[in-house]
Amino acid sequence: TKAAAKLAPLWTLLAATAGLLRPDTIGPTLGSLPAVSTSLSVLMLAMGLTTSPKDVRNLLSQHRGVLFLNILCCFVLMPLLALAITTMLPDCSAQVAAGTIILGSVGGGQASNLFAFLAGGNVSLSVVCTLSTTILGVAATPFVIGLLLGKSVPMNGMAVLTSTARLVLAPLCAGIALSGLFP
């Protein structure tokens with residue numbers, strides 16, 4: 001399975017090529033929301049399996065500075081960079097600016113776990129960073145977007161929380177728990 005995991009960039013490229021060549025076939029099947037949601041949940045479960053509860057406790061106690069830096073980058077630096085980019089772009093429409101700021105304000109740590117694994121990095125640290133920004137993101141993202149755009153973006157907070165818990169937090173925590181039970 002390690003060999004298959006190391007080929008993830010190739011699988012990604014092949015999947016993207018298939019989607020471009022056959023959007024009528026790939027879109028409704030592998031590109032559907034249920035397929036993507038399931039894939040994300042399986043990825044989070046797999047990454048959780050690489051991290052033990054002991055790893056999480058150690059990281060939370062010994063790497064608070066790194067976790068703080070991660071949160072700072074996700075909820076301050078990235079949104080401000082998105083704002084700076086939109087103000088520097090000539091003829092940037094309000095819709096493009098809003099979309100760029102929203103994208104810059106949303107954490108995207110789920111893929112970082114896979115790439116930390118593929119690169120031989122500290123997967124446990126990546127998983128803990130994902131957990132922290134995912135949990136904080138439910139409240140911080142709407143706040144940051146509202147602050148930078150000057151108006152709130154309507155959303156169903158409970159639906160976002162439920163979706164985030166179902167797709168990311170539950171599989172990740174289940175993987176960590178299983179890793180603790182079956183080291």
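Each value in this text was obtained by applying a stated rule to the coordinates, not by laboratory testing. Everything quoted here is computed from the prediction, not taken from an experiment.
Taking only C-alpha pairs under 8 Å that are 6+ residues apart, what is the relative contact order of the chain in percent? Once divided by the residue count of the chain, the mean separation gives 36 percent. One Cα centroid belongs to region 96-130, the other to region 1-65; the line between them spans 12 Å. Rounded to the nearest 500, the helix-only mean residue ellipticity at 222 nm of the chain stands at -23000 deg cm²/dmol, with each DSSP H run of n ≥ 4 adding -39,500 (n - 2.57).
Only one item in [x] 1.00; [y] 1.04; [z] 1.10 matches Rg/Rh (Cα atoms, Kirkwood Rh) derived from the coordinates shown, and that item is [x]. Residue by residue, region 23-34 carries 3J(HN,Hα) couplings of x, 5, 8, 6, x, x, 10, 5, x, 6, 4, x Hz when phi is fed to the Karplus relation 6.51 cos²θ - 1.76 cosθ + 1.60 (θ = phi - 60°); x denotes Gly or Pro.
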